[in-house]
Amino acid sequence: MRELVFALEYEPGCNRVADVLADHPDARVRSLSLHATAQQLWRVDHATGTPGTLDAIEDAFLTTDYYADCLATEDCGATQTTRVLDREDDTLVLYSDWERTPTCASVPHIARDHLGDGVLFETRHEGRHYTWRLIHSGEGEVAAFFDALEAAVGDCAQLEMLRTADTTTSAEGVDETQRDLSPEQEAALRAAVEHGYYESPREVDVGELAEHLDVPRSTLTYRLRRAEEHLAKQHVAGERVPEESPATR
C-alpha cells in the first residue's frame, strides 16, 4: 500500500468554503467518510468553530453555485445535495451527495482515473489549505495523477506535496506521533527559530517570516501549526509510562 499526502492552497475567490475558513482561522473541516464511484461522490464532513462561523460554513456548503469539491471554476451542471446531519454550538456535521457531469473534476475522481479503484481518502480543511491523504494499492501512475490534478486546479490553487511513503496502516489507524515532518514543515520551523519567531518578545511576525520565505502567510501558518502539533504529540507520547501490571504492584 502507498500513502500520498498533499495540499491544495486555494487562491481567493476560487473555493467558497476556503474563503469562509480563511475569514475564520480557528475553524476546521475534516472528513468523517468519503467515497467515490466513476460518476458520483458522497461524503460526511465534521466542522468545528463558533456558532457564527458554523453558520457561514453551512451557508457555503448549501448555497454555493457548484459543489465545493469540484475543481471546475464555473458551474459544471452537476447535481448535488447537502444536508445537515447534526448541529451543536461548536460542531456541524454535513452530508453531501454529488453526481458529476463530463466537465466536472475532483481529487477522488482523478485518483480513480490514475490510481485505480479502492482508494481511501481523508481530508482536513484549514483556511485556504486543503490537505488530502490518500491510501492506494501502489499500482497506477502517481506522476500522471499529480499532472492531471495540477491541470485541473490551474491557477486556482497551488499544489504542495507533503509526503509519499509505503504504508500498511489504515487511514484511521496511523499514529500521528510516528510521522516525520514534511520538508516544507521542517524548513518553516527552522526559519522560525533562526529568525526569532519563538523569542519573547518575537523578533519577527508570521507575515514578515512568510515574506522572507516567499510563501503565502496562510501556508506558513499552516506549516508551523502542523509542525508544532507534531512536536507536541511526540513530547506527550514520550512522557507516557505504561501502567504497572498487577504482578509488579
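Bear in mind that the values in this text are calculations on the coordinates, not laboratory data. These numbers were taken from a predicted model, which means no experiment stands behind them. Because the Cβ atoms are built from the backbone with ideal geometry, glycine has one as well, and the counts that use them run over all protein chains shown.
Some points to look at:
- Per-residue [θ]222 nm for the chain (sum of -39500 (n - 2.57) over DSSP H runs n ≥ 4, rounded to 500): -10500 deg cm²/dmol
- From the Kirkwood radius over Cα pairs of the chain, Stokes-Einstein at 10 °C and 1.306 mPa s returns a whole-number translational diffusion coefficient of 81 µm²/s.
- Each peptide in 82-88, 101-107 gets a packing score, the mean of other Cβ atoms within 10 Å over its residues, and the list from highest to lowest is 101-107, 82-88.
- 3J(HN,Hα) along the stretch 208-214: 5, 5, 4, 5, 4, 7, 6 Hz, from the Karplus curve 6.51 cos²θ - 1.76 cosθ + 1.60 with θ = phi - 60°, whole Hz, x for Gly and Pro.
- Charges were assigned to the Cβ only: +1 to each Lys and Arg, -1 to each Asp and Glu. The resulting dipole of the chain about its Cα centre is roughly 520 debye.
- Relative contact order of the chain, defined on C-alpha pairs under 8 angstrom at six or more residues apart (%): 24 percent
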